[in-house]
1. I'm trying to understand the selection: among the residues of the stretch 132-163, which are surrounded by fewer than 18 Cβ atoms within 10 Å (Cβ to Cβ), away from the ligand (no atom under 16 Å from the Cβ) and not aliphatic (A, V, I, L, M)?
2. Can you tell me how many residues within the stretch 203-223 are closer than 20 Å to LEU74 by Cβ and more than 16 Å from the ligand (Cβ to nearest atom)?
3. Considering only residues of the stretch 69-79 that are exposed (fewer than 12 other Cβ atoms within 10 Å of the Cβ) and of a type in the set (D, E, K, R), which is nearest to LEU220 (Cα to Cα)?
4. Note down all Cβ pairs under 7 Å where the first residue falls in the stretch 92-120 and is under 30 Å from LYS283 (Cα atoms), the second is more than 11 Å from the ligand (Cβ to nearest atom) and of a type in the set (Ser, Thr, Tyr), and they're at least six residues apart or on different chains.
5. Out of the residues in the stretch 260-319 that are within 9 Å of the ligand (Cβ to nearest atom) and in contact with a strand residue (DSSP E or B) (Cβ under 7 Å, 6 or more places away or on another chain), which is farthest from LEU113 (Cα to Cα)?
6. Pick from the stretch 27-58 the residues that are in contact with a strand residue (DSSP E or B) (Cβ under 8 Å, 6 or more places away or on another chain) and surrounded by 15 or more Cβ atoms within 10 Å (Cβ to Cβ): which of them is modelled with the lowest pLDDT?
7. From (1) over 23 Å from ILE122 (Cα atoms); (2) away from the ligand (no atom under 13 Å from the Cβ); (3) hydrophobic (A, V, I, L, M, F, W, C); (4) not in a helix (DSSP H, G or I), pick out the condition that doesn't hold for ILE237.
8. Which residue out of VAL192, VAL226 is touching a residue at least 40 places away in the same chain (Cβ under 8 Å), assigned to a loop (DSSP other than H, G, I, E, B) and hydrophobic (A, V, I, L, M, F, W, C)?
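The values are calculated or read from the model by the stated rules, or taken from the named source; none is laboratory data. None of the values given here were measured: they were computed from a predicted structure. Every residue, glycine among them, receives a Cβ derived from its backbone with ideal geometry; neighbour counts consider all protein chains shown.
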Amino acid sequence: EGELTLSRLMVNNSDKLLRKEGSALFHHSGTGWQINSSLALEIRKDILRFLDAERDVSVVKSSFKPGDVIHYVLDRRRTLNISQNLHSLLPEVSPMKSRRFRTCAVVGNSGILLSSGCGKEIDSHDFVIRCNLAPVVEFAADVGTKSDFITMNPSVVQRAFGGFRNESDREKFVHRLSMLNDSVLWIPAFMVKGGEKHVEWVNALILKNQLKVRTAYPSLRLIHAVRGYWLTNKVQIKRPSTGLLMYTLATRFCDEIHLYGFWPFPKDVHGNQVKYHYYDELKYKYFSNAGPHRMPLEFKTLNLLHNKGALKLTTGTCI
Ligand code: CTP
């Protein structure tokens, strides 16, 4: 088998893009972009050599029985018990089985979305993927409301729902999930120890309130396979961010992928401040090498793919 597509592109780019630092480099106008379908197809095939998103997007019921003990993916010495509730929420078959879309939006959570006016455009895609249960209603004009697939790190319970300490926190959470209808709720529950209590509470609330949301729990091999794909392409990430993971999965289901809300820089191209999240006051944390991600490096890679027509990044306004 030949060389992977992306690594070839990187070499041909002679590091020009990758050596320069700073966000000023990434000023790309929204006009003039065209999909390069054959490149997108090549990337889909390359990624399929590492993972099959249709399968790896979730474990299924038949993979475990209640009481099984598994090792955390990124913390092999620690274990997790597959509870009755968790088992009952595992899908019978992959929630993405046979689902194909012409255009998809992957929406990151950067403050770059504020005043973008991108809501309508985002909602016009056939399939919309969002991250970490980000709020939408109050920001609809800029981020849209459609959510066909939404991720939820267990830490979100603490960060955005007060650790479910009060009844009102739990109500707010149940309300948020009920708005999702039968969308996919993707919970990376097997990554690291620490969130198991939160995952159990979430599971209990879903069952108790008979929410329609379709739960999915990424396979134990997904993160290593995704990391393997990017490392093989000489993109030296540590742990892929949720946004990069979602792009990688989307290549399997979507012919054309549009990214919004990806901007891991504290300033925009004009030097104006950009919030880390469009919806809260969290500060930038992924610039030191101590953090788990390499978001600026990921962004440079996505920008290269944008320039080649493999995906479309929107970092400006949509009007
Ligand atoms: N993102 C970005 N620029 C930002 C914030 C987020 O490009 N300023 C992208 C990243 O790909 C990130 C995704 O949007 O993974 C979702 O954002 P967030 O919920 O903040 O993810 P984190 O919790 O920061 O990181 P992760 O869940 O990936 O560990």
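1. GLU138, THR145, GLY162, GLY163
2. As a first pass, look at the stretch 203-223 and keep what is closer than 20 Å to LEU74 by Cβ: 216-223.
Filter once more, keeping what is more than 16 Å from the ligand (Cβ to nearest atom): 219-221.
Going through the stretch 203-223 one residue at a time, the tally reaches 3.
3. Among those that are exposed (fewer than 12 other Cβ atoms within 10 Å of the Cβ) and of a type in the set (D, E, K, R), it is ARG76.
4. Final answer for the pair search is SER116/THR317; GLY117/THR317; CYS118/THR314.
5. Of everything passing the filter in the stretch 260-319, LEU302 is farthest from LEU113 (Cα to Cα).
6. By that ranking, first place goes to HIS28.
7. Status for ILE237: all satisfied but (2).
8. VAL192
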